[in-house]
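One structure is given below, encoded as structure tokens.
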Ligand code: THU
């Protein structure tokens, strides 16, 4: 599955966003080695800090279906932004632990812009389990 097709899947997931407070819908999808896809959208709450991002919902969806770091090859996300939509800092931290360092990250938007990046580029010097030792 190519970047454009993956971002389309993220766009499909975005339709399931529950975002009555920000009115900012985000969609994401995880692609696994076996071709399986796991979608996520942002789900908000009137207690604002409890809002959950699309990227983390997609990743947790994959993990809840038994997938692990080594099974994942890519993440795509999209929203109605001017440029390609970038993952927030909290999602970057979670991605750095739950996805392989070399996994592709495709940041998209509804206009069809797509930028390829990686977690090493998005979160250099990440805190990790090694720091706890
Ligand atoms: N949001 C995401 O789903 N992913 C991001 O990386 C950025 C922010 C959501 C959280 C909240 O529901 C809304 O977008 C506005 O911040």
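How many residues are in contact with a helix residue (DSSP H, G or I) (Cβ under 8 Å, 6 or more places away or on another chain) and either within 14 Å of residue 7 (Cα to Cα) or within 12 Å of the ligand (Cβ to nearest atom) (or both) when one looks only at the stretch 59-83?
Residues meeting the conditions: 7.
When you scan the stretch 108-116, do you find a residue that is in a helix (DSSP H, G or I) and more than 14 Å from the ligand (Cβ to nearest atom), even just one?
Here is the first cut: in the stretch 108-116, the residues in a helix (DSSP H, G or I) are none.
For the stretch 108-116, residues in a helix (DSSP H, G or I) and more than 14 Å from the ligand (Cβ to nearest atom): absent.
I want to confirm something. Restricting to the stretch 13-58 and keeping residues that are part of a strand (DSSP E or B) and near the ligand (Cβ under 9 Å from one of its atoms), which single residue is nearest to residue 93 (Cα to Cα)?
Here the residue is 52.
Residue check: is residue 40 under 17 Å from residue 114 (Cα atoms) and touching a strand residue (DSSP E or B) at 6+ places or on another chain (Cβ under 6 Å)?
In short, no.
Sort through 35, 27 and tell me the only one that's buried (at least 23 other Cβ atoms within 10 Å of the Cβ), within 22 Å of residue 117 (Cα to Cα) and either at pLDDT 95 or above or touching a strand residue (DSSP E or B) at 6+ places or on another chain (Cβ under 7 Å) (or both).
None of the other options fit; the residue is 27.
Consider the stretch 52-83. How many of its residues are surrounded by 16 or more Cβ atoms within 10 Å (Cβ to Cβ) and closer than 19 Å to residue 19 by Cβ?
Matching residues across the stretch 52-83 total 15.
The values are calculated or read from the model by the stated rules, or taken from the named source; none is laboratory data. The model shown is predicted, which means the values in this text are computed figures rather than measured ones. Neighbour counts are summed over all protein chains in view; Cβ atoms, including those assigned to glycine, are modelled from backbone coordinates with ideal geometry.
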